[in-house]
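Peer 1: Take a look at the following structure, please.
The values are calculated or read from the model by the stated rules, or taken from the named source; none is laboratory data. This is a predicted model, so every value here is computed, not measured. Positions of Cβ are generated from backbone atoms using ideal geometry, with glycine treated the same way; all protein chains shown enter the neighbour counts. These area figures cover heavy atoms from the full protein model, side chains too; ligands, DNA and RNA do not enter into them. Shrake-Rupley method; radii C 1.70, N 1.55, O 1.52, S 1.80 Å.
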Amino acid sequence: MRKVLLLAAVALIAAACAGSEERARGEEGVLRLGIFPNLTHAPGYVALEQGIFEDVLAPTRVEVTYFNSGSDAGAAIQSGSIDATYIGPGPATALYLQPDSRVAIVSGVTSGGASFVVRTGAGIDSPEDLAGKRIAVPGVGNTQDVALRTWLHEQGLKANDEGGEVSVAAVDNPELLGLFQNGHLDGAWEPEPYPSLLIAEGLAEEFVDEADLWPNGEFVTTVLAVNTTYMDANPEVISNLVEANVQAIDAIQDDSEGAKAAAQAGLVKAGAPALDQAVVDTAWDRLTFTWDPIAPSLIEGAANAYSLGYLDSEPADMPSLFQLESLNDVLTGMDVPVIQVVP
């Protein structure tokens, strides 16, 4: 059932793919870009709010679509409804492994910034206390869902739709605050800024920092993915998109306070709640903005998704998901090391 839910949107899109080739080539002079109301997508918001996309992609115009679900964004990019998107590695991988995939990762965006928080007063002090509890993730089969279920298995637990003890529910991130306030959720494995927001509001306590589960605390949470049909038809636009993303990450490193303000403004436009500066500061410190897609963590995540039954076949040829030629051209021009994806 979980696999069916994860792939339902992709299957519907696949049925229409034969007629969507022209749409996937895109509209002249327009780049249709997806983004989520997550602080892990901050480079995209910095590029939007500080005019980096406008400057670097001109005369191409950027049209933004906001998503709460990686499955929805993935279905949109696969169908050609959008041309590129900031997205988690889980949905990008699931799409890449589908027949007739049109998805490639062209740059990294963010490492870290995901954690498991539990509701204050829910009586959760150990993994065993999670039995009978309701835990939120952003979407079925998304990056945090895979992380949560993998961790549960390591603790000898399972989600209820696997015949286990823990209820796992897909919840749009902006709804988390209200659901924690009324006690309808007992925990959530989420990207920033939502863990920091729930903790700052006194509604939750940190239970697992996902960084503690990865070597050197490095794990990819956001990548920049494109529709390959659009990329083949508009290679210069995609090269400019990658350059703008790199410039945004540079801008974050050069002026973190200005970048925080830009990201916050963009998040509010996307439907996220306005955040106190202390929440932004705390969440920001958990994030590393990087053009390196940290391929080893994505590939391990794909293996975990397969073990959970989210993928029909064992992931193979994963390095081909990464098409980093434009990124490495930009990095070479900056005289910084290029990114190599080792099989």
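Peer 1: Quick one: which of I294, I249 is under 18 Å from the mean Cα position of the chain (by Cα) and at positive phi?
Peer 2: None of the other options fit; the residue is I294.
Peer 1: Kindly indicate whether any position in segment 152-169 is buried (at least 21 other Cβ atoms within 10 Å of the Cβ), touching a residue at least 60 places away in the same chain (Cβ under 8 Å) and either closer than 16 Å to A272 by Cβ or touching a Gly at 6+ places or on another chain (Cβ under 9 Å) (or both).
Peer 2: No; the residues of segment 152-169 include none that is buried (at least 21 other Cβ atoms within 10 Å of the Cβ), touching a residue at least 60 places away in the same chain (Cβ under 8 Å) and either closer than 16 Å to A272 by Cβ or touching a Gly at 6+ places or on another chain (Cβ under 9 Å) (or both).
Peer 1: Next question, about the same structure. Could you check R102 against (1) open to solvent by 10 Å² or more (accessible area, probe 1.4 Å); (2) over 24 Å from the mean Cα position of the chain (by Cα) and say which number it fails?
Peer 2: Unmet for R102, out of (1) open to solvent by 10 Å² or more (accessible area, probe 1.4 Å); (2) over 24 Å from the mean Cα position of the chain (by Cα): (2).
Peer 1: Return the pair list, or none, for Cβ contacts closer than 8 Å from residues in segment 180-202 that are more than 23 Å from F289 (Cα to Cα) and at pLDDT 95 or above to residues that are of a type in the set (V, I, T) and surrounded by fewer than 18 Cβ atoms within 10 Å (Cβ to Cβ), at least 6 apart or on different chains.
Peer 2: Between residues of segment 180-202 that are more than 23 Å from F289 (Cα to Cα) and at pLDDT 95 or above and residues that are of a type in the set (V, I, T) and surrounded by fewer than 18 Cβ atoms within 10 Å (Cβ to Cβ), the close pairs are G202/T120.
Peer 1: Need at least 2 residues that are crowded, with 23+ Cβ neighbours inside 10 Å, of a type in the set (S, T, Y) and in contact with a helix residue (DSSP H, G or I) (Cβ under 7 Å, 6 or more places away or on another chain) per element, so show me which strands (runs of 3 or more DSSP E) inside segment 170-282 make the cut, counting only ones lying wholly within it.
Peer 2: It comes to 220-227.
Peer 1: Would you please name the residue that is surrounded by the fewest Cβ atoms within 10 Å (Cβ to Cβ), looking only at residues in segment 290-318 that are in a loop (DSSP other than H, G, I, E, B) and among the hydrophobic types (A, V, I, L, M, F, W, C)?
Peer 2: It comes out as A316.
Peer 1: I would also like to ask the following. Of L327, L321, L287, which residue is closer than 30 Å to L177 by Cβ and crowded, with 21+ Cβ neighbours inside 10 Å?
Peer 2: Answer to the selection: L287.
Peer 1: Here are the criteria: (1) modelled with pLDDT under 95; (2) open to solvent by 30 Å² or more (accessible area, probe 1.4 Å); (3) not small (G, A, S). Tell me which single one T143 does not satisfy.
Peer 2: (2)
Peer 1: Another question about this same structure. Mind checking which strands (runs of 3 or more DSSP E) fall wholly inside segment 61-112 and carry at least 1 residues that are of a type in the set (K, R)?
Peer 2: Hits in segment 61-112: 61-66.
Peer 1: Residue pairs, Cβ under 6 Å, 6 or more apart or interchain, first in segment 130-141 and outside any loop (DSSP other than H, G, I, E, B), second of a type in the set (F, W, Y). List them.
Peer 2: V137/W189
Peer 1: To continue, here is another question. Select from segment 38-60 the residues that are assigned to a helix (DSSP H, G or I), touching a helix residue (DSSP H, G or I) at 6+ places or on another chain (Cβ under 6 Å) and open to solvent by 10 Å² or more (accessible area, probe 1.4 Å) and list them in ascending order.
Peer 2: Across segment 38-60, the qualifying residues are L48, E49, I52, V56.
Peer 1: Quick check, is L321 touching a helix residue (DSSP H, G or I) at 6+ places or on another chain (Cβ under 6 Å), over 18 Å from P215 (Cβ atoms) and at pLDDT 95 or above?
Peer 2: yes
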